[in-house]
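A quick write-up on the structure given underneath.
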Amino acid sequence: MRALLISVLCLLLVIGIWFYFVTTAEALVAEARQLLSQTPLPAGELLSCWERIEFYYSVFSDSGQIHEARECLARALALLEQDPAAASAEFAAFRELLDLLCRQEQITPENII
């Protein structure tokens, strides 16, 4: 009985930490989406926001997806001065990658199991 209680408490602790992670990461992703929707794109603010997002998602997410999003953001920022149309496509891809990261880490029965 004591082992069951300890197991349940550990499970609740993990789910609580996961919930905190998800709510914080979703707020950061919403901030990044808001920055991406601004017309004169604040590149410095977007980079600092991405660094915070990357820190949170590096705990639970696959590093391949994080690297892919980082590369997409780097391509978009590099193309911003040269080709704005290609940069906007890269920013749209970056936004989709952020949404994908956010959906994969939500607390759902599939993700818990």
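Picking from residues in region 81-112 that are closer than 17 Å to Asp62 by Cα and among the aliphatic types (A, V, I, L, M), the one that is farthest from the chain's Cα centre (by Cα) is Ile112. Among the residues of region 29-52, those identified as surrounded by 16 or more Cβ atoms within 10 Å (Cβ to Cβ) and either over 12 Å from the mean Cα position of the chain (by Cα) or of a type in the set (Phe, Trp, Tyr) (or both) are Leu35, Leu36, Leu41, Leu46, Trp50. Screening Glu68, Glu26 for residues that are within 14 Å of Cys102 (Cβ to Cβ) and within 14 Å of the chain's Cα centre (by Cα) leaves exactly one candidate, Glu26.
For Phe55, the stated conditions do not hold, so it cannot be described as under 15 Å from the mean Cα position of the chain (by Cα), aromatic (Phe, Trp, Tyr) and farther than 30 Å from Ile15 by Cα. Among all positions in region 9-26, there is at least one residue which is modelled with pLDDT under 90 and either assigned to a loop (DSSP other than H, G, I, E, B) or small (Gly, Ala, Ser) (or both). Contact map, region 71-87: first residue more than 14 Å from Leu36 (Cβ to Cβ) and buried (at least 17 other Cβ atoms within 10 Å of the Cβ), second residue acidic (Asp, Glu) and at pLDDT 85 or above, Cβ cut-off under 7 Å, separation 6 or more or different chains; pairs are Arg75/Glu90; Leu79/Glu90. The helices (runs of 4 or more DSSP H) found wholly in region 50-113 and carrying at least 2 residues that are among the aromatic types (Phe, Trp, Tyr) and either more than 15 Å from Phe21 (Cα to Cα) or at pLDDT below 85 (or both) occupy 84-104.
The values are calculated or read from the model by the stated rules, or taken from the named source; none is laboratory data. Model, not experiment: these values are computed from the prediction. Note: ideal-geometry Cβ built from the backbone for every residue, glycine included; neighbour counts use all protein chains shown.
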